[in-house]
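Right, one structure below, let's go through it.
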Amino acid sequence: MSIINEINEAMQKGKAKQVKQLIPQALEEGIPAQQILNEGLLDAMSVVGEKFKNNEVFVPEVLVAARAMNAGTALLKPYLSSEGGESKGKACIGTVEGDLHDIGKNLVRMMLEGKGLEVIDLGVDVTAEKFLEAVQNEGVQLVCCSALLTTTMPNMSKVIDALKAAGVRDSVKVMVGGAPVTPEFAESIGADAYTPDAASAANKAVELLAG
């Protein structure tokens with residue numbers, strides 16, 4: 001079995017320690033960091049994402065796989081910058097003002113990173129101004145807003161209003177999600193997309209950025 005396949009399998013099982021041992025070996029064998037990232041880590045994370053979507057694995061398995069992926073990407077980072085690894089786009093993500101839930105947001109962030117996007121995590125209880133700052137100062141192309149409470153959902157439209165008021169709404173895509181959020185709500189506030197779960201959020205994000 002090739003070392004890339006071994007990395008892929010260890011990744012899917014969330015064996016961070018094994019991933020950390022195998023990556024230096026793969027680099028020593030002369031395998032490009034970009035290839036290790038794409039075929040070893042990102043491909044494995046996509047498999048985990050699909051399984052999660054189909055209820056074949058659950059949140060704990062996704063979290064351990066994501067931890068293994070973070071360990072692996074940390075090792076590859078110095079090599080990727082020298083190889084000029086191409087980021088597929090830049091997103092910011094946060095749970096909107098007044099809302100302190102972060103498990104869903106964290107899952108989406110991991111899935112986005114798993115698709116090769118650069119993600120700025122703004123955390124929880126994020127004001128519309130903070131989202132706007134990320135767009136203006138960090139060159140973000142995609143804004144992802146999460147809300148887990150019906151009472152904080154209206155703060156999603158505040159984010160869109162702030163982007164409009166600053167004249168930058170047309171230069172970014174806005175995605176919304178979270179348990180109480182519906183496609184109808186997303187449409188009513190003028191968001192570009194709504195997705196029901198982390199795996200479809202990642203696929204949709206890639207689609208929006210490519211379009």
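Some observations on this one:
- Residue check: Ala10 meets all listed conditions (1) open to solvent by 50 Å² or more (accessible area, probe 1.4 Å); (2) touching a helix residue (DSSP H, G or I) at 6+ places or on another chain (Cβ under 7 Å) but one, namely (1).
- The set of residues in region 178-189 being surrounded by 14 or more Cβ atoms within 10 Å (Cβ to Cβ), out of contact with any Phe, Trp or Tyr (no Cβ under 8 Å at 6 or more places or on another chain) and without any contact (Cβ under 8 Å) to a residue 40 or more places away in the chain consists of Ile189 alone.
- Selection count, region 149-177, where residues are closer than 17 Å to Thr127 by Cβ, in contact (Cβ under 8 Å) with a residue 40 or more places away in the chain and touching a strand residue (DSSP E or B) at 6+ places or on another chain (Cβ under 7 Å): 4
- Looking only at region 192-203, and only at residues there that are surrounded by 16 or more Cβ atoms within 10 Å (Cβ to Cβ) and touching a residue at least 40 places away in the same chain (Cβ under 8 Å), the one that is nearest to the chain's Cα centre (by Cα): Ala202
- Selected residue (only one of Thr152, Thr73, Thr95 is touching an Asp or Glu at 6+ places or on another chain (Cβ under 8 Å), assigned to a helix (DSSP H, G or I) and hydroxyl-bearing (Ser, Thr, Tyr)): Thr73
- Residues that are open to solvent by less than 50 Å² (accessible area, probe 1.4 Å), part of a helix (DSSP H, G or I) and either without any contact (Cβ under 8 Å) to a residue 24 or more places away in the chain or farther than 18 Å from Asp99 by Cβ (or both), drawn from region 116-148: Val135
The values are calculated or read from the model by the stated rules, or taken from the named source; none is laboratory data. Just so we're clear, the structure is a prediction, and the values are computed from it rather than from any experiment. Please note: Cβ atoms are built from the backbone with ideal geometry, for glycine as well, and neighbour counts cover all protein chains shown. Please note that ligands, DNA and RNA were not included when accessible areas were found on the heavy atoms of the full protein model with its side chains. Shrake-Rupley method; radii C 1.70, N 1.55, O 1.52, S 1.80 Å.
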